[in-house]
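One structure is given here, and the rest of the page talks about it.
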2 protein chains.
Amino acid sequence: MIQRIHHIAIVVSDLDAAIDSYQNQLGFEVGKRLLIPEQEVEIAFLPAGESMIELIQPTTETSGVAKYLAKRGEGLHHICLTVADIEASLEALAAKDVQLITPSPIQAAEGRGLFIHPQATHGVLIELLEPDDPS
Amino acid sequence: MIQRIHHIAIVVSDLDAAIDSYQNQLGFEVGKRLLIPEQEVEIAFLPAGESMIELIQPTTETSGVAKYLAKRGEGLHHICLTVADIEASLEALAAKDVQLITPSPIQAAEGRGLFIHPQATHGVLIELLEPDDPS
């Protein structure tokens, strides 16, 4: 079902400071940077081969990401894996009674995705994504 | 400096159970599986495109990984990024006073690597690796 790692998401408290660290210490370049008001976050993608690092800063104190940051501090948040067909993946997961956070695919920044509950995957929040641009 | 994501490491309490979840729910195949007594862990690599998921189970209660598991529970542990030349990376990091956990490259399962302190990278433990097999 899984094709590749699309991105690894890291929650940060200050997006500019985090971009500066990843650029200047590790030599990353900044790809897309987006404000997503409906998710109450600002994100930046840093390409790494066929994958990306996604830096996420909450823009309010009420979102799930903001609460995660308040509770656990900055750090790894989730991994996103690409699939060819998100509907087929949803059916396969449902057939195995895998616990999902999103009961049906939702439109994300990069395509249509769903989130699997960490209880099903040994503590890891996993997003499955059918990218709008599969390249 | 960074070429690609080599692996994302996930700490688990029961390697067999975790492999079963990732195989049967998400369709991963199991690549290499290794007992590494000197690091007090058993690991399994699950390929995903040009990267891998690394499942890590501590085999003692005294290792750093065992303490991490006891404190934080199962979940994401570190990300590993490949570099072409680990010595050059070390020099570049030292020139910028980036805080390291390993002061010089160490031999890891897949090549020579070093660990950057999470304080330098917004809460993320990052391993840089010059793979023995760059493919």
By count of other Cβ within 10 Å, fewest leading, how are A:Ser104, B:Ser51 ordered?
A:Ser104, B:Ser51
Going from the fewest other Cβ atoms within 10 Å to the most, one would list A:Val11, B:Val124, A:Val30 as A:Val30, B:Val124, A:Val11
Any idea what the B:Glu29 label distances to the other copies are, label 7 Å down the Cα→Cβ vector, nm, shortest first?
3.3
Kirkwood hydrodynamic radius, the protein assembly as shown, all distinct C-alpha pairs: what's the number in Å?
18.9 Å
Among B:Ala18, B:Phe28, B:Met52, whose Cα projects farthest towards the positive end of the dipole of the range B:1-67, with charges put on the beta-carbon of Lys, Arg (+1) and Asp, Glu (-1)?
B:Met52
Net charge dipole size for the range A:1-60 [Lys, Arg +1 and Asp, Glu -1 on Cβ; Debye, nearest 20]:
220 debye
Tell me the distances, shortest first, between B:Ala84 and the same position across the other copies, using label points 7 Å along Cα→Cβ, in nm to one decimal.
3.4
How high is the relative contact order of chain A, in percent, counting Cα pairs under 8 Å that sit 6 or more residues apart?
25 percent
All other residues with a Cβ under 14 Å from the Cβ of A:Ala88 taken together, and with Lys, Arg as +1 and Asp, Glu as -1, what is their net charge?
-2
Any idea how many Lys pairs in the protein assembly as shown come in under 25 angstrom at the alpha carbon, given 8 or more places apart or on separate chains?
6
Projecting the Cα atoms of A:Gly113, A:Thr102, A:Ala88 onto the charge dipole of the range A:42-129, where Lys and Arg contribute +1 and Asp and Glu -1 at Cβ, the residue farthest towards the positive end is A:Thr102
How far is A:Thr59 from itself in the other copies, in nm, if each label sits 7 Å out from Cα along the Cα-Cβ line, shortest first?
4.9
Mind listing the long-range amide H neighbours of A:His122? Cut-off is under 5 Å, sequence gap 5 or more, other chains count too, H placed in the peptide plane at 1.01 Å from N.
none
Work out the length of the dipole vector of the protein assembly as shown about its Cα centre, built from +1 on the beta-carbon of each Lys and Arg and -1 on the beta-carbon of each Asp and Glu, and round it to the nearest 20 debye.
540 debye
Using the Karplus curve 6.51 cos²θ - 1.76 cosθ + 1.60 with θ = phi - 60°, work out ³J(HN,Hα) for each residue of the range A:85-99 in order, rounded to whole Hz, and write x for Gly and Pro.
9, 5, 5, 5, 5, 4, 4, 5, 5, 5, 5, 9, 6, 6, 6
The range B:2-131 - charge dipole about Cα centre, Lys and Arg +1 at Cβ, Asp and Glu -1, debye rounded to 20
280 debye
Sort B:Ile101, B:Ile19 so the one with the fewest other Cβ atoms within 10 Å of its own Cβ comes first.
B:Ile101, B:Ile19
Once phi is turned into ³J(HN,Hα) by the Karplus curve 6.51 cos²θ - 1.76 cosθ + 1.60 with θ = phi - 60°, what whole-Hz value does each residue of the range B:46-52 show in order, with x for glycine and proline?
10, x, 9, x, 7, 10, 9
Would you mind computing Rg(Cα) / (2.2 N^0.38 Å) for chain B, counting N as its residues?
1.05
Please give the calculated 222 nm ellipticity per residue for the protein assembly as shown, where each DSSP H segment of at least 4 residues contributes -39500 (n - 2.57) and the sum is spread over every residue; nearest 500 deg cm²/dmol?
-7000 deg cm²/dmol
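Throughout, read-outs are computed from the coordinates displayed, never taken from laboratory work. What you see is a predicted model, and the numbers here were worked out from it, not measured in a lab. Quick reminder, even Gly has a Cβ in these numbers, built from the backbone with ideal geometry, and neighbours come from all protein chains shown.
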